[in-house]
C-alpha cells in the first residue's frame, strides 16, 4: 500500500479545496435529521409556537392599527397602504379558521358584514386587491361552514362575504377594458381606470386572476369574471416570444413588451403558478398545455444548476444571474405537477442562502455569493415556506421541517417587536423597517402552521373530511382536502363549485343510467355553457396530482421538448394556433374527471358506475 505524505502547505491547500467543494452549491447536502427528532410532540410544540406568533401579530394589529390596512410594528401605529380596506383583517380571516379560532372568525365576519360595498373614491392596485381582498373574502366564505351552521339558504352560492367579494371584483372589471383584454394596473373603486393611468402592466398583473375570478364565476353563475380572466391569459399567451418566453412588463393597449427580461420571479411569478392552479380548479387542461410549453423554455434557458436566472425573452441569453426571494414559490409549483426531485434541489440551494445571510433577501447574487445591493431586505415573505409545505406533503422529507424551523427561529429572533413583527430592512445587519405587510398573517404564518400540522383538515386528514352538501338540485362534497391556494395563500375548496354550477341530479342520473341518450341530448349544451363543465376530481386522484407524486407520468417524459419545439407556432387549426400539440397527458386526464363528487359517492355506496 502506497503511503501519502502532506507538507503543511499541501495540507492547507487540501483543506481549502474540501471546504470549497462542500460549500459549492453543486455539493449541497440535505440536513441529516434523526427520524425520531420531529416527533408528534415536537411538531405540536412548533405548531403552538407559530400560533402564538400569529396572535402576537394579529392582536397588535387589532389593538394599534385597525381599521387601517397595516400595522407599523416599531411605532405601534396603523397605516393605509393598499386601499383602506382594513386589509390585514380581511387577509388574515381564513387563517383564523385554519388555526381553529371560530369565535374570532365569526366576530370578524359580523364586522365585515356591516360593510355593504367598497364604493370609495380611491385608486387601488388591481393585482393586490384581487389576490388579497377578492381571494381572502372568497376563501373565508367557503370556509365559513367550519365555524357556524347559521349559513344563508343557498350557501355556498351566496352569502355576505361572497357578495363583498363580487362587489370588489366588479369594481376591478373596468381595468380589463383595453384593446388587448389585458388589464391596467390601477383602478379607482368608484370611477374606473384613472385618465392618467399608464398602460404598462407587469406580466403577473395580467395573468393572476383566473383562480379568484374563475371561482367567483362558478359560485355566482356570472361568467363575466372567468371570461375576462381567460381573455387576459390568452392575450399574454399570444404575445410570447418565438422561443416561448414572456417579458416582465407589457403595454396592455399595444401589446408591446416594455421590459423584455424573462424569469420566474418578480413581475412574472404568479402567472405560471395560476396556469397550473387554474387548470386544476376549473378543469381547463389548455392551461396546463400552456404551462408545459413555458416549462420547456424555462428549463432550456433559465435553469442553471437548479438555480433559475433571468434571460432575454427573445434570445434566451442570461441577463441577470441572481436569485430572488419571490422565486422560492417555484419548487412548490414543481411539486404540484409531480417534479419533487427537481423541487428539492432548488429548495436546498435556497436554504444555503438562508444559512449564509440569516434570511432570504429580496435578491442574492449567485455568482458573487452575496446580497445584491439595494435589494437586501426581507419583508417577512412566505414563498420558501410555501414550497416547504407542499414538498413535505408530497415527500415526507423531514429535512424540510428542519428548514421550516430555521425560518421560524430567524423570524422570532430578529423581527419580533413589542406589538408585532417587522420587515427586515437589511439582511446583512438585520436592521428593521416599520412595516408588517398583511401577507405575514395571510401566508407566512399559515404555511408555517400547516407545515407543522400534518393532520390538518386542509390536508384532508381530519375525521370529518368529505362532507356532502346540498343546494337545490345539486350536491357537492366539501372539505375533502382538495383545496387550491391562491397566490396569497387563500385556500379555495374545489368541491363547492359543484353545488353552484356543477351538474344537477337530473344530469347525473341521465349520465349514469342513460349514458348514450345523455351524450346526444346534452353534448351541444355542455360545449356552449361554460358553467357546465367537468372540473377537477376531488379525491383521490386529483390529490395525487396536486400534492405531487414523482411516480405519476407527466408530459416531460413523453418527447416533451420535441413536441413543443415542433408545434409552438403551428397554424393548422384555430386550436393549434393557441396550444402546442402534445401527446395525451396522464396528468391532464387526472386533472379532469367525468364523474361529479355525487356520482363518486354512488360508486362508493355500491352502485354500478361505468364511465
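Bear in mind that the values in this text are calculations on the coordinates, not laboratory data. It should be emphasised that the depicted structure is a prediction, and the values quoted were computed from it without experimental measurement. No Cβ is skipped: glycine too gets one built from the backbone with ideal geometry, and neighbour counts run over all protein chains shown.
The modelled label-to-label distance between residue 319 and residue 416, using points 7 Å beyond Cα along the C-beta direction, is 4.3 nm.
Largest first, the extents of the alpha carbon coordinates of region 283-388 on the three principal axes equal 40, 32, 23 Å.
Can you tell me, using C-alpha contacts under 8 Å and at least 6 residues apart, the relative contact order of region 289-350 as a whole percent? Rounded, it is 23 percent for region 289-350.
A Stokes-Einstein calculation at 20 °C with viscosity 1.002 mPa s, built on the Kirkwood radius of region 284-330 over Cα pairs, returns a diffusion coefficient of 185 µm²/s.
Within region 300-333, what residues put their amide N at less than 15 Å from the label point 7 Å along the Cα-to-Cβ vector of residue 374? Answer for this model: none.
With the convex hull drawn over the C-alpha atoms of region 368-481, the volume per residue is 170 Å³. Here the Kirkwood formula puts the hydrodynamic radius of region 59-114 at 11.5 Å, using every distinct Cα pair. The fewest-to-most ranking of 190, 381 by surrounding Cβ atoms within 10 Å reads 190, 381. Remark: 385, 484, 122 ranked as 122, 484, 385, counting other beta-carbon atoms within 10 Å and listing the fewest first. Where a ≥ b ≥ c are the square roots of the eigenvalues of the C-alpha gyration tensor, would you call region 184-227 rounded, which needs a/c under 1.5, or, failing that, prolate if a/b is larger than b/c, or oblate? Oblate, because a/c is 1.5 or more while a/b does not exceed b/c. With all pairs of different C-alpha atoms in the average, the Kirkwood value for the hydrodynamic radius of region 136-190 is 12.9 Å.
Once the Cβ-Cβ distance of residue 41 and residue 352 is raised to the sixth power relative to R0 = 30 Å, the FRET efficiency obtained is 0.50. With all projection directions averaged, the alpha carbon convex hull of region 132-288 covers 9.9 nm².
Kirkwood hydrodynamic radius of region 245-287, from the reciprocal of the average inverse Cα-Cα distance over all distinct pairs: 11.5 Å.
Compute the distance from the alpha-carbon center of region 165-199 to that of region 35-59, in whole Å. A separation of 41 Å, based on Cα centres. One decimal place: the segment residue 429-residue 396 gains 8.5 nm when fully extended, by the rule 0.36 nm per residue minus the C-alpha distance. Sorting 293, 178, 319 from the fewest to the most surrounding beta carbons within 10 angstrom yields 319, 178, 293. Mean projected area of the Cα convex hull of region 102-174, taken over all directions, amounts to 5.1 nm². Calculated from the alpha-carbon coordinates, region 240-344 shows an Rg and a Dmax of 13.4, 41 Å respectively. For residue 76 and residue 365, a Förster radius of 45 Å and the Cβ-Cβ distance give a FRET efficiency of 0.80, rounded to the nearest 0.05.
From the square roots a ≥ b ≥ c of the eigenvalues of the alpha-carbon gyration tensor of region 67-191, which class results: rounded (a/c under 1.5), prolate (a/b over b/c), or oblate? Note, shape of region 67-191 comes out oblate.
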